[in-house]
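In what follows, a single structure is set out as structure tokens and then discussed.
Every read-out reported here was derived from the displayed coordinates using simple, explicitly stated rules and does not represent laboratory data. Bear in mind the structure is a predicted one, so any value in this text is a computation, not a measurement. Quick reminder, even Gly has a Cβ in these numbers, built from the backbone with ideal geometry, and neighbours come from all protein chains shown.
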């Protein structure tokens, strides 16, 4: 079971749990504001853009080349940017915090 905390654009912290799937699916299923997942998780939009807390980057790993290319199209990209559709839920990411970019 992985607990993931989303920090919304209005600074609301929402912690949700899951055992499988993608972080984007978890966010959409729990109506996290700012996570739309318009492409359904195939890395062809940036409607699930998040900033991973610096201390959690080792848990999520780095973006793939395809993910990095998609992120380049977003104005709010930084070194902590990820598309949460590309982060799989596992025990390895338990406790991470993600800032919703929206």
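Compared with the alpha-carbon gap, the fully stretched path from residue 44 to residue 19 is longer by 6.5 nm at 0.36 nm per residue. Computed on the Cα atoms alone, the convex hull of the chain gives a volume of 84 cubic angstrom per residue. Note on the chain: GNM, Cα springs under 10 Å; of 42, 52, 28, the largest mean-square fluctuation is that of 42. Computing FRET efficiency as 1/(1 + (r/R0)^6) for residue 94 and residue 72, where r is the C-beta to C-beta distance and R0 is 25 Å, gives about 0.25.
All distinct Cα pairs of region 30-79 go into the 1/r average, and the inverse of that average, the Kirkwood radius, is 11.9 Å.
Here is how the number arises for the chain: DSSP H runs of 4 or more residues each give -39500 (n - 2.57), the sum is divided by the residue count, and the result at 222 nm is -4000 deg cm²/dmol. Choose one answer from 79, 25, 65: the residue with the largest mean-square fluctuation in a GNM of the chain with alpha-carbon springs under 10 Å. Comparing 79, 25, 65 in the GNM, the peak value goes to 65. Between residue 54 and residue 10, full extension at 0.36 nm per residue minus the direct alpha carbon distance yields a gain of 13.9 nm.
Protection proxy ranking, highest mean first, for peptides 80-86, 33-39, 70-76, 11-17: 80-86, 33-39, 70-76, 11-17, where packing is the per-residue count of other beta-carbon atoms within 10 Å, averaged.
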